[in-house]
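Structure, as structure tokens:
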Amino acid sequence: MSDQDTGECREVTINYFDGTSRVATIVDREVPYPDGKLIVSRTDSKGIITHANQAFVDMSGYTRDELIGVNHYILRHPDMPAVAFAGLWETIEAGKKWHGYVKNLRKDGSYYWVKATVIPNIRNGKLVGYTSVRRKPSRSKIKESEELYATLM
Amino acid sequence: MAYNLTVSPDFAPDHISGWYFFNTWLQRQLDVGVHLELYDCFEQQREDIRNNKVDLIYANPYDASMLVREMGFRAIARPQARPDETVIAVHVDSPINTVEELQAGITVATTDDPDVHTMGMIMLEPADLDGSNVTTKEVDTYVIVAKNLLKGEADVGFFLKDAFDELSDLIKNQMKVLVSSQISVVHHSLLVGPTMQEFIPRLEERLFSMHKDEKGKGVLQSMNLEAWEPMSEEETEFMIDLIDTLVIE
Ligand SMILES: Cc1cc2nc3c(=O)[nH]c(=O)nc-3n(C[C@H](O)[C@H](O)[C@H](O)COP(=O)(O)O)c2cc1C
């Protein structure tokens, strides 16, 4: 559990890059990352989810049907600074591998931290999408990221 | 001319004879000479792969990446219900019960199996451990990894889960599992090199029905496999992409 956890609820409007937005209920409660698992998803070149493994489904709180075909920003937590994702997209669009710590929003409003790696999927020389694999982060990295991201908001 | 078949050196030594049976079975099915070459270590095998001395290989997922993307191999089959999973264990009397309790400075007993080692290191990350603050002791087999734990010569050990499960109860009962991976989509596969592409249709036909006849079934059992399953090109690419995200740079 993070030091920042209060268990409190708040309503937050999340604005996405594409001009859409939604009001989400945010609960300051961390759901622990499951030991030994990798959370895996794939997207098309625009970030639309095309594949989610069972750990992804379980941790996000959505059903697989709710996830496939929607933008990956469905997991965007309002505590994540936009610059983190700008860096992600800049890196992967340049064909490179990106690593970072991400606080993700679950359907029920609670959150989970991951250490994420995103890579471009190249088939016959062409970009067909991206794969993201998340693993369990250490508490110290979560704390560092919480502090860093607060300064970037 | 005979073709060369080889097997990733990480299989359990109990199943060596099984691979010889498989080689004999293969020659009958394809009606060509196939020579089975086994290696003790990954490096020697990789060198022979790079020198085009391998035509058919049962490879671990890490090497599959090089074979497919650099050497023009095609993965055609994978063993049914045999994902490669990694176990991290400690001595049963160790005060440690979770990975997060592990401290910098520990000694890790491991093998040169690239997948298991990579996954083991990833599962240590929640404790802020990495190559810079643990000592790794590389040994030849999983039995020796276990012995290092039992003798107190290492604090934690990395095991291929299948190999861990096959250790004797006497050894297993003296260890405690801290974490066992559950990835399920990373596994060994049978790959065909450019020199043997013409055999692929026949090979697929025979491999996928192998478990249906008595002889084939017996061979599979001796290799500790249940059946072969088809592997599509996209599944292979997906697995390789996934491995790519795990490689520690
Ligand atoms: C493969 C892949 C995985 C992603 N995973 C996440 C994720 O887990 N959580 C998240 O908030 N954004 C993720 N993103 C980034 C989102 O596409 C999006 O950029 C981000 O949520 C910020 O939303 P915004 O661009 O609308 O501000 C991922 C992108 C890609 C390509």
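The values are calculated or read from the model by the stated rules, or taken from the named source; none is laboratory data. Bear in mind that the values here come from a model prediction, so they are computed numbers and not experimental data. Don't worry about glycine lacking a Cβ; one is built from the backbone with ideal geometry, like all the others, and counts go over all protein chains shown. Surface areas here come from the heavy atoms of the whole protein model, side chains and all, with no ligands, DNA or RNA. Shrake-Rupley method; radii C 1.70, N 1.55, O 1.52, S 1.80 Å.
A few remarks follow.
- Breaking point among (1) in a helix (DSSP H, G or I); (2) within 10 Å of the ligand (Cβ to nearest atom), for A:E144: (2)
- Of everything in the range B:21-46 that is exposed (fewer than 15 other Cβ atoms within 10 Å of the Cβ) and assigned to a helix (DSSP H, G or I), the residue that is modelled with the lowest pLDDT is B:E43.
- Search result, residues across the range A:105-146 that are closer than 20 Å to A:P34 by Cα and among the small types (G, A, S): A:G109, A:S110, A:A116, A:S132, A:S138, A:S140, A:S145
- All of B:R82, B:R74, B:R50 fail the test of being closer than 16 Å to B:I200 by Cα and open to solvent by 30 Å² or more (accessible area, probe 1.4 Å), apart from B:R74.
- Filter result for B:R69 (open to solvent by 40 Å² or more (accessible area, probe 1.4 Å), over 28 Å from A:S138 (Cβ atoms) and in contact with a strand residue (DSSP E or B) (Cβ under 8 Å, 6 or more places away or on another chain)): no
- Yes/no for A:N121 being more than 9 Å from chain B (Cβ to nearest Cβ) and within 10 Å of the ligand (Cβ to nearest atom): no
- Count of the range B:224-249 residues which are hydrophobic (A, V, I, L, M, F, W, C), open to solvent by 10 Å² or more (accessible area, probe 1.4 Å) and closer than 27 Å to B:T24 by Cα: 2
- Condition check for A:R135 on (1) near the ligand (Cβ under 10 Å from one of its atoms); (2) surrounded by 20 or more Cβ atoms within 10 Å (Cβ to Cβ); (3) under 13 Å from the mean Cα position of the chain (by Cα): one failure, at (1).
- Exactly one residue out of B:A109, B:A154, B:A104 is free of Cβ contacts under 8 Å to residues at least 60 places away in the same chain, assigned to a loop (DSSP other than H, G, I, E, B) and touching an Asp or Glu at 6+ places or on another chain (Cβ under 9 Å), and it is B:A104.
- Among the residues of the range A:108-118, those identified as within 11 Å of another protein chain (Cβ to nearest Cβ) and either away from the ligand (no atom under 12 Å from the Cβ) or not β-branched (V, I, T) (or both) are A:W113, A:K115, A:A116.
- Enumeration of residues in the range B:157-187 that are out of contact with any strand residue (DSSP E or B) (no Cβ under 7 Å at 6 or more places or on another chain) and in a helix (DSSP H, G or I): B:D162, B:A163, B:D165, B:E166, B:D169, B:L170, B:I171, B:K172
- Members of the range A:1-40 that are open to solvent by less than 40 Å² (accessible area, probe 1.4 Å), under 25 Å from A:E144 (Cα atoms) and in a strand (DSSP E or B): A:V12, A:I14, A:I26, A:V27, A:E30, A:I39, A:V40
Here is a yes/no grid of residues against (1) farther than 20 Å from B:A59 by Cα; (2) touching a residue at least 12 places away in the same chain (Cβ under 8 Å); (3) basic (K, R):
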site: B:H117; (1), (2), (3): no, yes, no
site: B:G120; (1), (2), (3): no, yes, no
site: B:A127; (1), (2), (3): yes, yes, no
site: B:S132; (1), (2), (3): yes, no, no
site: B:K137; (1), (2), (3): yes, yes, yes
site: B:T141; (1), (2), (3): no, yes, no
site: B:A163; (1), (2), (3): no, yes, no
site: B:M175; (1), (2), (3): yes, yes, no
site: B:I183; (1), (2), (3): no, yes, no
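- As for the range B:117-135, it holds at least one residue that is farther than 15 Å from B:L178 by Cβ and either of a type in the set (F, W, Y) or in a strand (DSSP E or B) (or both).
- Single match in A:G7, A:G47 (criterion: touching a residue at least 60 places away in the same chain (Cβ under 8 Å) and more than 14 Å from chain B (Cβ to nearest Cβ)): A:G47
- Of all residues in the range B:199-249, those satisfying the criterion of being small (G, A, S) and either closer than 23 Å to B:H117 by Cβ or not in a helix (DSSP H, G or I) (or both) are B:S209, B:A227, B:S232.
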